[in-house]
Amino acid sequence: MTAEYSKIIKVLEAIEGLEGDQAAAVAEACDIISDYDAACQSAARMTARYETTALAIKKDDFGYCCPTCGRWIRVPDSWCHWCGQRIEWDAIARDRYKEERNQRRTHRQ
Ligand SMILES: [Zn+2]
């Protein structure tokens, strides 16, 4: 949690003499602030992953994994479908995908 939100929650929790609905409202406000902070941090992480490329990790001859979450990803997907990481492919993956695509086109004709 950011220091700014921690300070607000500490101040709210330190209010003395609250009872009933007032105490419940302050507790709810602390929960809302905490949830809001978590949502902001999550959005910031997702935005960073979406905008910053990371090189796909070659797992074996059959495929690649996401460098952030470690799950299988498919060439030539631009983003990991699991965590939203923007993906960069190495030359081997790009060349292999182009070759396979050209083979599919040749078979169709
Ligand atoms: Zn991922």
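Quick notes on this one:
- Counting only residues that are of a type in the set (A, V, I, L, M, F, W, C) and in contact with a Cys (Cβ under 9 Å, 6 or more places away or on another chain), region 80-106 holds 4 of them.
- Apart from one condition, C66 fits all of (1) more than 16 Å from the ligand (Cβ to nearest atom); (2) surrounded by 12 or more Cβ atoms within 10 Å (Cβ to Cβ); the exception is (1).
- Scanning region 46-86 for residues that are under 9 Å from the mean Cα position of the chain (by Cα) and either in a helix (DSSP H, G or I) or not assigned by TED's automatic domain parsing to the domain that holds R101 (or both) turns up M46, T47, A48, R49, Y50.
- Inter-residue pairs, beta-carbon under 6 Å, first assigned to a helix (DSSP H, G or I) and in region 95-109, second surrounded by 10 or more Cβ atoms within 10 Å (Cβ to Cβ), 6+ apart: Y97/V75; Y97/P76
The values are calculated or read from the model by the stated rules, or taken from the named source; none is laboratory data. Quick caveat: nothing in here was measured; it's all calculated off a predicted structure. Quick reminder, even Gly has a Cβ in these numbers, built from the backbone with ideal geometry, and neighbours come from all protein chains shown.
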